[in-house]
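Read through the structure below, which is laid out as structure tokens, and then see the notes.
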Amino acid sequence: MLLHILGTILVFIVGLIPPVICIWVMQKAKEKEKEQARLREAIRTPPLRVMQRHQFPTDQYYLEGVGYLIGDITCRYNARSAYIRCGVNPAGPCENCHDYEPNNSKLDRDPLDL
């Protein structure tokens, strides 16, 4: 009797193995298809960051001995950098900035003005 029940359970389990394997293979195929679709979409879409990288700020200028700078160099908060304008308003623009303070330090002035 016990042997008959164990045989029935074994036949039931063996009968379930093919559908389980089939479902598992179908899930893997769907995952791979989604991954392929994402890759195709990534290849078709041009990266925006690369296109924006070549856009230079309109207030960029070259200062002899210092290099490229952006922003208003007469402002106390100007970072004297080609990448950020100042510590208060890094993205700019400098026109009509309510945090503008003129440079009063002789060390911050242009060396030609000393």
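Scanning the range 23-36 for any residue that is of a type outside the set (A, V, I, L, M) and either at pLDDT below 85 or on the phi > 0 side of the Ramachandran plot (or both) turns up nothing.
Taken over the range 62-74, the criterion of being within 12 Å of C94 (Cβ to Cβ) and part of a strand (DSSP E or B) is satisfied by L69, I70.
Of all residue pairs spaced 6 or more apart or on separate chains, those with beta-carbon atoms under 7 Å, a first member in the range 90-112 that is within 25 Å of E64 (Cβ to Cβ) and in the same structural domain as G71 (by TED's automatic domain parsing) and a second member that is in a loop (DSSP other than H, G, I, E, B) and at pLDDT below 60 are N103/R109; K106/L114.
Scanning the range 83-97 for residues that are of a type outside the set (S, T, N, Q) and crowded, with 16+ Cβ neighbours inside 10 Å yields R85, C86, G92, C94, C97.
Residues in the range 65-75 that are buried (at least 16 other Cβ atoms within 10 Å of the Cβ) and within 16 Å of H98 (Cα to Cα) were compared, and the one that is nearest to the chain's Cα centre (by Cα) is G71.
The values are calculated or read from the model by the stated rules, or taken from the named source; none is laboratory data. Just so you know, these numbers come straight off a predicted model, no measurement behind them. Note that we place each Cβ from the backbone using ideal geometry, even for glycine, and neighbour counts take in every protein chain shown.
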